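S.K.: My questions all concern the structure below.
The values are calculated or read from the model by the stated rules, or taken from the named source; none is laboratory data. Note that the structure is a prediction, hence the values are computed from the model and not measured. Methodologically, a virtual Cβ is constructed for each residue, glycine included, from the backbone with ideal geometry; neighbour enumeration extends over all protein chains shown.
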Amino acid sequence: MSMFTRTMLGKYNYIRVIEKCCRRYFSTEWEFTRHRKKPKSGGRVLTKPSDAFQFNAWDNVEWDEEQEQEARQAVLKNSTEKMSTENQLKYQQEADKFWDTFYDIHQNRFFKDRHWLFTEFPELAPQSNDKDINLAPRTIFELGCGVGNTILPILKYSKEPRLKVYGCDFSARAIEILQTHPEFDTGRCHVFVMDATSDKWTVPFEENSLDVIVLIFVLSAIEPARMQNVAQNCFKYLRPGGLVLFRDYGRYDMAQLRFKSGKCLQDNFYVRGDGTMVYFFTQEELRDLFCNAGFMEEQNVVDRRLQVNRGRMLKMYRVWIQKKFKKPVNNEE
């Protein structure tokens, strides 16, 4: 056997060994990750602190008093120094420009199908498209629709011929990006630019006509003094029995604790590095906000989640608030 043949045979055997090891490694990895999937019940609860880094996320994480106190101190520290009135006016008056820039930067990377959407809000889930069933028409309106993270999944999975979806956003750039998406359906969806804080909405539908209004991570971007006006207009355009579906940032979310001093506009209201603004809510103030507008509270949930970076051994606590409000039917209380 020539030296060349022996050399090539040695390389061949070496490659076979590497392939065998890789198959064994990835098979083991698959077996390992296969048993790490989230339980079918939808929640993964951390019962032993020592298990925190076994998974990337844990649901319904309870905080102890020490952690609550640390969070309060962090917020007190980063909110002691408020922005000048001049700078506050700048961010409020030019909010549309900051959001346009945001969507320009992220336009090709921003859209993410919200897989939790229909689980948390089954009211948005596709209804049966059985031809023998005469489905009632549904009308859904999303405030702050952005580039379609909520609207596009609804259009994609629902085959209801009489479904009508509306969406508005403060950013003209966001609406432009959404309208060019391949799954945007002009026959069932109409989106437009609107400032939701306006005293009077200019919209393509009548008062008392909407089945559902969606507010997902949008009210937090609005100046607190204008939030009540948004709730009142939602009440005006929903039909009796209609719902507001709400999800947004909760008080002491990781994002709030990470702000540096000098970024606070008002208590619990901050400006990010890109110029966009964000507020962090409590359950009680949201209840007051919508109930004062005439709504009945149907759901009031705090979603506390622990996300971990197993590579860097970091813990990140997220706090989101999820609510549902109903417009009463006649004299319903």
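Results for (1) among the aromatic types (Phe, Trp, Tyr); (2) more than 22 Å from VAL147 (Cα to Cα); (3) surrounded by 15 or more Cβ atoms within 10 Å (Cβ to Cβ), shown as yes or no for each residue.
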| position | (1), (2), (3) |
| --- | --- |
| CYS189 | no, no, yes |
| TRP201 | yes, no, yes |
| ASN208 | no, yes, no |
| VAL212 | no, no, yes |
| LEU215 | no, no, yes |
| ASN233 | no, yes, yes |
| PRO240 | no, yes, no |
| LEU243 | no, yes, yes |
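S.K.: Ok, one more. So LYS131 ticks every box in (1) in a loop (DSSP other than H, G, I, E, B); (2) exposed (fewer than 13 other Cβ atoms within 10 Å of the Cβ); (3) at pLDDT 70 or above but one. Which box is left unticked?
M.R.: Only one criterion is unmet by LYS131, namely (3).
S.K.: Then there is this: Is it the case that the range 53-69 has a residue that's surrounded by 15 or more Cβ atoms within 10 Å (Cβ to Cβ), in contact with a strand residue (DSSP E or B) (Cβ under 6 Å, 6 or more places away or on another chain), modelled with pLDDT under 85 and part of a loop (DSSP other than H, G, I, E, B)?
M.R.: Looking through the range 53-69, at least one residue is surrounded by 15 or more Cβ atoms within 10 Å (Cβ to Cβ), in contact with a strand residue (DSSP E or B) (Cβ under 6 Å, 6 or more places away or on another chain), modelled with pLDDT under 85 and part of a loop (DSSP other than H, G, I, E, B).
S.K.: Additional query: Taking the range 199-255 on its own, how many of its residues are under 30 Å from THR119 (Cβ atoms), among the hydrophobic types (A, V, I, L, M, F, W, C) and in a helix (DSSP H, G or I)?
M.R.: So the answer is 9.
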